[in-house]
Amino acid sequence: MNNIAKVIAGSLLIGIFVGCADNSNATPKQDATNQEAQPSAPQSSSDQSNFNTGIFIELSDVNDTKFNDDIKNSLNAVMNALVNNNAEKFKSAFANDKSADAHGFMLGKEYSFDKLNSVEEDSAGRTVVTLEVKVKDGSGIKFNNLSFYYVKDDTGNWGLRTID
């Protein structure tokens, strides 16, 4: 709970600073030095010429015991579903229909999955995978850090519960 409060507080502070600054020509910071401060408010850019839709992360190169094959396969499926705007595959990437339905708003946009920032286990035992992602929709390009939360069910299978 304490980490969640820190993340929320950090996100709010970053959002306030970003909102107060005129950073329309700023480029996103590529390397985060503080893992606690990674989740941040989306930054927008009107320059759409540098946007490439796709997955530019090689999940098979990640060697972390928390990042097991079930999680890699699920993350790969959800990224592909978003890049290809495939509602059926997107829904099947989640552990249950309720979780999938809650995230349906993510479809219909263009995605560029650029970097895996971290794989961590939180205090609730969830594996949290954070990615740098660019999202292009009608209002421009937004730079986000998306966190994918995986939970092990009673049968020992890992499933995607939420994306934040």
Rg over Rh, two decimals, the range 90-160 (C-alpha only, Kirkwood Rh):
1.01
Normalised by the number of residues in the range 40-163, what is the relative contact order in percent for Cα pairs under 8 Å and 6+ residues apart?
29 percent
Between THR162 and residues 5 or more places away or on another chain, the pairs with built amide H atoms under 5 Å apart involve TYR149
Taking all pairs of distinct alpha-carbon atoms in the range 40-163, Kirkwood radius in angstrom:
14.9 Å
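Quick note: the coordinates plus some simple rules give every number you see, no bench work behind them. Worth saying up front: this structure is predicted, and the values here are computed from it rather than measured.
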